[in-house]
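Below you'll find the structure, written out as structure tokens, and then a few comments.
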Amino acid sequence: MLRVAERNDDRLWCAMSIDVCAHITGTVWKVEVEVGDRVESEQVLVILESMKMEMPVEAPEGGTVSAILVKPGAAVEEGEVLLRLEPA
């Protein structure tokens, strides 16, 4: 997603939302956040389960959760987008 805004000095700037993706193929065990939550870098957002092991998915940087694209029990593939963050 691309967002464009105008600053006071009439120059345009762009900010990209941050896609947080699954780093393994597995099942969503738990979603630890809700849309609108502010999160910090390395905060656990989602817990995936694969081969009876829990694997946390952490925020790559701080921001606000803008979308959650999975629910507990959902099967996900490596690289699948789990949620989106708007940069802080």
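Values in this text are rule-based calculations from the coordinates and carry no lab data. Since this is a predicted model, take the numbers as computed values, not measurements. Because the Cβ atoms are built from the backbone with ideal geometry, glycine has one as well, and the counts that use them run over all protein chains shown.
General observations
- Within the range 21-42, residues that are in contact (Cβ under 8 Å) with a residue 40 or more places away in the chain and closer than 13 Å to Ala59 by Cβ sit with their Cβ atoms under 8 Å from residues that are surrounded by 14 or more Cβ atoms within 10 Å (Cβ to Cβ) and of a type in the set (D, E, K, R), at 6+ positions apart or across chains, in these pairs: Cys21/Glu80.
- Residue check, Ser66 loosely packed, with under 12 Cβ neighbours inside 10 Å and either touching a residue at least 12 places away in the same chain (Cβ under 8 Å) or in a strand (DSSP E or B) (or both): no
Quick grid of which residues meet (1) among the hydroxyl-bearing types (Ser, Thr, Tyr); (2) touching a Pro at 6+ places or on another chain (Cβ under 9 Å):
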| site | (1), (2) |
| --- | --- |
| Met16 | no, yes |
| Cys21 | no, no |
| Thr25 | yes, no |
| Trp29 | no, yes |
| Val33 | no, no |
| Asp37 | no, no |
| Gln43 | no, no |
| Met51 | no, no |
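- Residues in the range 45-61 that are over 17 Å from the mean Cα position of the chain (by Cα) and either among the hydrophobic types (A, V, I, L, M, F, W, C) or within 19 Å of Glu34 (Cβ to Cβ) (or both): Met51, Met53.
- Residue in the range 34-42 that is under 11 Å from the mean Cα position of the chain (by Cα), within 18 Å of Ile24 (Cβ to Cβ) and of a type outside the set (Asp, Glu) present: no
- Hits in the range 26-41 (condition: of a type in the set (Lys, Arg) and within 10 Å of Thr64 (Cβ to Cβ)): Arg38
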